[in-house]
1. List pairs: first residue in the stretch 154-181 and within 16 Å of R193 (Cα to Cα) and touching a residue at least 12 places away in the same chain (Cβ under 8 Å), second residue part of a helix (DSSP H, G or I) and not aromatic (F, W, Y) anywhere in the structure, Cβ distance under 6 angstrom, at least six positions apart or on different chains.
2. Which one of these does A156 not meet: (1) of a type in the set (A, V, I, L, M, F, W, C); (2) in a loop (DSSP other than H, G, I, E, B); (3) in contact with a strand residue (DSSP E or B) (Cβ under 7 Å, 6 or more places away or on another chain)?
3. Among the residues of the stretch 196-230, which ones are at positive phi and either under 30 Å from the mean Cα position of the chain (by Cα) or surrounded by 15 or more Cβ atoms within 10 Å (Cβ to Cβ) (or both)?
4. Only one of these conditions is not met by A129: (1) buried (at least 16 other Cβ atoms within 10 Å of the Cβ); (2) among the small types (G, A, S); (3) in contact with an Asp or Glu (Cβ under 9 Å, 6 or more places away or on another chain). Which number is it?
5. When you go through I173, I228, I201 one by one, which is the residue that is touching an Asp or Glu at 6+ places or on another chain (Cβ under 7 Å) and hydrophobic (A, V, I, L, M, F, W, C)?
6. Which residues, counting only those in the stretch 130-181, are over 20 Å from the mean Cα position of the chain (by Cα), over 14 Å from A202 (Cβ atoms) and of a type in the set (F, W, Y)?
7. Considering only the stretch 177-186, I want to know if a residue exists there that is within 10 Å of F219 (Cα to Cα) and assigned to a strand (DSSP E or B).
Amino acid sequence: MQVYQRIWRYLQQHRLVSILLGHVCVLLVLATLFFGSGLGSNILGVFAQSHCAGGDEAYTVEQGNTLSGIAARYHTSWQKLASYNHIANPDMIYAGETVCIPGKGGGTAQPPARGTANYFPYPQCTWWADQRYHELHGIYVPWLNQADAWEWTNRAHQFHWKVSSQPSWGAIINLQPWVQGAYGLGHVAVVERVLSNGHVIASNLNWGTNPYQVKYVEFAPGQGVTFISY
């Protein structure tokens, strides 16, 4: 208490110091309001512009923004923005973050990324799909985080892999939750054969009563089904 009393007496005796401290506090409050406002965001966006490629537009994320909302504003898709900005989780963007909007000459197709090994847990369907795809093509998938089976299509977009509704031999088939027998986390398998009726025979692990047994199952293209390839 004696320390606080001494400080108070000092400020009373030195009114100029008190006035200066008051002005500093006001300036700090104004600076906070200024940089938290749209004007502050715009200024920050000008500085952020240098981080984007020439011809791109830099958008500074504001509180409440979503990647899909930003994409709609610029007449593009959230998948393209996520891929172009290397955003691992499109559901998580933060106020103050810069999103580069591809301009003329921007958004040039980038080569697909490759994984270095199979890090998925055995005998999950994700482990088998990655392992079997590597056996057929010598390539592992590059996505590791937040890669439950149902998320593989979005991850493929982000890492510049091909995603199609049409089947092809050796492609990874991705079933969304509850589609054609998949459970709540979806399912992935590898196309071993394309049938004349457009259906596929795919090899699977963790399908049926014995999760360790490779099973060959017929699936059909349709809603909630995509085919992923390098």
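1. Taking only residues 6 or more apart or on different chains, the pairs are G170/L136; I172/A129; N174/T153.
2. (2)
3. Across the stretch 196-230, the qualifying residues are N206, G222, G224.
4. (3)
5. Sole residue among the options that is touching an Asp or Glu at 6+ places or on another chain (Cβ under 7 Å) and hydrophobic (A, V, I, L, M, F, W, C): I201.
6. W178
7. no
The numbers here are math on the coordinates, done by the rules we state, and not lab data. Just so we're clear, the structure is a prediction, and the values are computed from it rather than from any experiment. Here the Cβ is made from the backbone with ideal geometry for all residues, glycine too, and neighbour counts use every protein chain on show.
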